[in-house]
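To keep things clear, I will list the structure first and then write my remarks on it.
Values in this text are rule-based calculations from the coordinates and carry no lab data. The shown structure was predicted, so the numbers you read here are calculated from the model rather than taken from an experiment. With ideal geometry, Cβ positions are generated from the backbone for all residues, glycine too; neighbour counts draw on all protein chains shown.
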Amino acid sequence: MKIISYGKQYIDEADIKAILETLQSDYMTQGPKVKEFEDKVAEYHGCKYAVAFCNGTAALHGAYYAIGLKNGDEFITSPITFAASGNGALYLGGIPKFVDIDKDTYNIDITKLKENITNKTKVITPVSLAGYPVDLKAIREIINETGKDIKIIHDAAHAIGAKREGRNIVDYADVTILSFHPVKHITTGEGGMVLTNDEEYYKKLCLFRTHGITRNPEELIENHGAWYYEMQDLGYNYRITDMQCALGMTQIDKLNNSLYKRNQIAKYYEEELKNVEWLKLPLGYFSKEWLNNKKYEELKEKPENLNSYHLFPVLLKNAEERKRFFDYMRKNNIFIQVHYIPLHTMPYYKEKYGYKKGDFPIAENYYEREVSLPMYPTLTKEELEYIVKKIKEFKK
Ligand SMILES: Cc1ncc(COP(=O)(O)O)c(C=O)c1O
């Protein structure tokens with residue numbers, strides 16, 4: 001039997017055609033496709049500006065730069081996330097502060113946020129882990145209560161298209177970042193994006209992505225002629241190519257279908273596994289009406305609450321059982337994964353910032369017990385039945 005991975009891209013004929021057309025056009029990079037893709041993703045999320053980057057980590061770096069994070073400023077994030085959520089701020093000299101996770105949503109515990117805000121806190125970076133939309137409204141309210149000017153960078157690398165109480169991933173955030181790595185919902189090979197409604201951030205993001213250089217006549221300090229450009233700050237070459245954005249354009253056409261299929265798979269797992277007493281399933285958020293009553297093509301509106309289900313994280317009883325389960329599933333060609341090893345327990349964080357095991361017990365307990373089951377739109381009925389069968393046989 002072939003290997004079933006935990007996540008996989010979906011590429012069809014339209015994607016291949018789009019890339020080939022760009023290869024045959026005048027532009028491989030810095031052509032029209034980048035802006036077309038940015039506009040399409042911005043429109044999908046109902047926001048004003050989008051800036052595409054060569055990957056989600058670069059997008060995070062740009063986001064921290066745009067909100068003005070400086071050396072010595074503190075940023076607050078969740079210990080259960082990929083290293084990139086913190087790295088973007090560390091590059092700029094940010095000091096990492098963690099708040100433990102909520103035991104049910106696995107997102108940052110909002111009830112513990114306030115006590116961790118200090119005069120040095122510049123930004124909070126909540127992560128919508130696995131696609132479960134974090135409560136940005138509550139975070140915004142807590143910030144407002146403090147009276148401080150603290151920004152929100154929503155790390156929505158897992159949560160493109162997610163909704164919470166009718167609001168989407170850009171609402172209440174100053175900037176929102178996406179990743180288009182192949183295991184994510186839509187892919188450009190490598191790729192990422194920052195979404196914002198703030199014009200000043202938009203301009204800073206464009207500058208940062210291209211060496212800190214602008215050619216915009218309205219922004220130039222001097223102007224020697226039509227060839228003239230200026231490096232106004234230290235930026236990076238974080239550009240994405242036209243070939244990648246052509247792929248992004250055909251990929252985003254498939255996003256709603258991907259969200260729909262992922263929710264169907266989540267519902268299937270929930271129905272099949274709810275009586276497996278040694279397994280804790282993630283919180284739902286899929287609308288039964290959305291999935292049950294209509295054909296996808298007839299659905300114009302997404303439900304008020306929508307989990308993007310990048311991952312389907314389940315918890316076992318303890319670390320020993322998780323290890324046995326992981327090895328057992330791999331032996332059966334089901335390549336589940338673990339998301340994530342808590343950031344504060346990484347050697348870099350321990351040595352540089354003095355974090356240690358025991359600092360965030362709920363995150364550590366989650367890590368010891370977690371595995372992510374396969375979750376991608378092209379999983380077949382037979383593959384899903386096989387996965388569920390093997391899970392149920394684990395303790396027999
Ligand atoms: C939560 C989170 N943030 C940011 C990133 C960075 O994205 P990229 O891999 O595109 O750099 C990832 C990537 O896996 C991620 O999982």
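Would you mind getting me the FRET efficiency between Glu36 and Lys395? Use the beta-carbon distance for r and R0 = 56 Å, nearest 0.05. Mind dumping the intermediate values first?
Details: r = 52 Å, r/R0 = 0.93.
With a Förster radius of 56 Å, E is 0.60.
Sort Asp135, Asp242, Asp149 by Cβ crowding within 10 Å, fewest neighbours at the top.
Working: Asp135 19, Asp242 24, Asp149 9.
Taking fewest neighbouring Cβ atoms as first place, the list is Asp149, Asp135, Asp242.
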### Query
Which aspartates and glutamates does Lys317 reach when only Cα atoms under 12 Å apart count, and residues fewer than 8 places away in its own chain are ignored?
Glu277, Glu368, Glu370
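Answer rounded, prolate or oblate for the chain, using the Cα gyration tensor with square roots of eigenvalues a ≥ b ≥ c: rounded when a/c is under 1.5, else prolate when a/b is larger than b/c, else oblate.
Working: a/c = 1.85, a/b = 1.28, b/c = 1.44.
Verdict is oblate for the chain.
Place a +1 charge on the Cβ of each Lys and Arg in the range 243-282 and a -1 charge on the Cβ of each Asp and Glu, then give the dipole magnitude about the Cα centre in debye, rounded to the nearest 20. It would help to have the intermediate numbers written out before the result.
Numbers: 6 positive and 5 negative charges, 22 e Å.
Rounded to the nearest 20 debye, it is 100 debye.
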### Task
Could you work out how far the C-alpha centroid of the range 61-120 sits from that of the range 226-267, in angstrom?
24 Å
### Query
Listed here are the pairs Lys261/Lys395; Lys184/Lys254; Lys267/Lys288; Lys33/Lys302; which of them are more than 20 Å apart at the Cα?
Lys261/Lys395; Lys33/Lys302
## Note on the structure
Once the in-chain neighbours fewer than 8 apart are removed, the lysines whose Cα is under 21 Å from Lys151 read Lys48, Lys70, Lys97, Lys112, Lys114, Lys120, Lys122, Lys137, Lys163, Lys203, Lys204
## Note on the structure
Taking r as the C-beta separation of Glu145 and Val276 and R0 as 30 Å, the FRET efficiency to the nearest 0.05 is 0.10
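Kindly state, as a whole number, the per residue volume in cubic angstrom of the convex hull around the alpha carbon atoms of the range 255-393. Mind showing how you got there, number by number?
Details: hull volume 19.8 nm³, N = 139.
Residue-normalised Cα hull volume stands at 142 Å³.
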### Task
Please get the size of the charge dipole for the range 4-252, origin at its Cα centre, with Cβ charges of +1 on Lys and Arg and -1 on Asp and Glu, quoted in debye to the nearest 20.
440 debye
### Message
For the range 1-106, what are Rg and Dmax over the alpha carbons, in angstrom?
### Response
18.6, 53
### Task
Compare Trp227, Trp278, Trp290 in a GNM of the chain, Cα atoms joined below 10 Å, and give the one with the largest fluctuation.
Trp227
### Pairwise FRET efficiency - Val338 versus Lys70, Cβ, R0 = 51 Å, nearest 0.05
0.90
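Helix-only estimate, please: 222 nm mean residue ellipticity of the chain, summing -39500 (n - 2.57) across DSSP H runs of length 4 or more and dividing by its residues, to the nearest 500.
Numbers: 13 runs with 141 residues, N = 396.
Mean residue ellipticity, 222 nm, calculated: -10500 deg cm²/dmol.
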